[in-house]
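S.K.: This is the structure, below, for whatever I ask next.
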Amino acid sequence: MNDKLYTQKHMLHFSHCDPAGIIFYSRVYELHHIAYENWVGKVYSWEDWFRHKTYAFPIVHSEADYSAPMRAGQEIEIVLRKKKLSQNSYQLESSIYLGDKICAKASSIHVCVSKAGFQKAPIPDFVKECLEKTL
């Protein structure tokens, strides 16, 4: 298993929750992507990654599993890791913890495309290096 991880803590707010006071399911995807964006900003340039002139990295698949409720006012820890890296795509996975208990997992598969024709393209070296060295 990969031992390179990016972790961050996050306070859950009322806006994250449904009327029952439990985190709304789609917020897990949001927290996953926030961790991804924060990781990019730490290991590279957020601007140069997400607004690259030549390449984009859209999500082609995402999924989440929920195992315990999370509520407003709780501090969670999001642990991001690289699950898979291939020539044209990469998969990221977030595990969301409340203390030692895992509450949810989310994953996303990102494919590299050329912005010119939105066709699949090889992942550029700067992305590979960031994924290989830090996740």
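S.K.: Rank these for me by crowding, Trp46, Trp39, going from fewest to most other beta carbons within 10 Å. Could you put the intermediate results ahead of the total?
M.R.: Numbers: Trp46 13, Trp39 24.
Neighbour counts put them in this order, fewest first: Trp46, Trp39.
S.K.: Multiply the residue separation of Lys133 and Arg51 by 0.36 nm, subtract the distance between their alpha-carbon atoms, and state the gained length in nm to one decimal.
M.R.: Values: separation 82, 0.36 × 82 = 29.52 nm, distance 2.18 nm.
Answer, rounded to one decimal: 27.3 nm.
S.K.: Let me ask something else. Starting from the Cα of Lys101, step 7 Å along the direction of its Cβ; do the same at Thr7; then give the gap between the two resulting points in nm.
M.R.: Rounded to a tenth, the inter-label distance reads 1.9 nm.
S.K.: How fast does the stretch 45-120 diffuse by Stokes-Einstein, in µm²/s, taking the Kirkwood radius from C-alpha pairs at 10 °C and 1.306 mPa s? Show your work: numbers first, answer last.
M.R.: Working: Rh = 14.2 Å.
The diffusion coefficient I find is 112 µm²/s.
S.K.: Dividing the convex hull volume of the alpha carbon atoms of the chain by its residue count, what do you get in Å³ per residue?
M.R.: Values: hull volume 15.0 nm³, N = 135.
Once divided by residue count, the hull of the chain is 111 Å³.
S.K.: Another question, then. Could you sort the peptides 12-20, 84-92 by per-residue average Cβ neighbour count (10 Å cutoff), highest mean leading? Present the calculation step by step, with values, prior to reporting the outcome.
M.R.: Details: 12-20: 12.4, 84-92: 15.8.
Going from most to least packed, we get 84-92, 12-20.
S.K.: Next question, about the same structure. For the Cα atoms of the chain, what angle does the longest principal axis make with the long axis of helix 26-43, in degrees from 0 to 90, nearest 10?
M.R.: The helix 26-43 is inclined about 50 degrees to the chain.
S.K.: Sequence gap at least 6, Cα distance under 8 Å: using those rules, report the relative contact order of the stretch 4-132 to the nearest whole percent.
M.R.: Details: 232 pairs, mean separation 37.2, N = 129.
The normalised contact order for the stretch 4-132 reaches 29 percent.
S.K.: Cα convex hull of the stretch 94-135: mean projected area in nm², to one decimal? Can you show the working numbers first?
M.R.: Values: hull surface 16.9 nm².
So the mean shadow area of the Cα hull is 4.2 nm².
S.K.: Cross-link partners among aspartates and glutamates for Lys105, C-alpha distance below 20 Å, same-chain residues fewer than 8 apart left out?
M.R.: Asp3, Asp18, Glu30, Glu37, Glu63, Asp65, Glu75, Glu77, Glu93
S.K.: Which entries in the list Lys9/Lys115; Lys9/Lys84; Lys101/Lys128; Lys9/Lys53; Lys9/Lys120 go over 28 Å, if you measure between the two C-alpha atoms of each? Let's see the in-between values first.
M.R.: On the way: Lys9/Lys115 34 Å; Lys9/Lys84 24 Å; Lys101/Lys128 31 Å; Lys9/Lys53 32 Å; Lys9/Lys120 34 Å.
Where the Cα-Cα span goes over 28 Å, the pairs concerned are Lys9/Lys115; Lys101/Lys128; Lys9/Lys53; Lys9/Lys120.
S.K.: Helix 125-134 versus the longest principal axis of the chain: what is the Cα-based angle in degrees, 0 to 90, to the nearest 10?
M.R.: 40 degrees
Every read-out reported here was derived from the displayed coordinates using simple, explicitly stated rules and does not represent laboratory data. All values reported here derive from a predicted model rather than from experimental measurement. Positions of Cβ are backbone-derived with ideal geometry, glycine not excepted, and every protein chain shown enters the neighbour counts.
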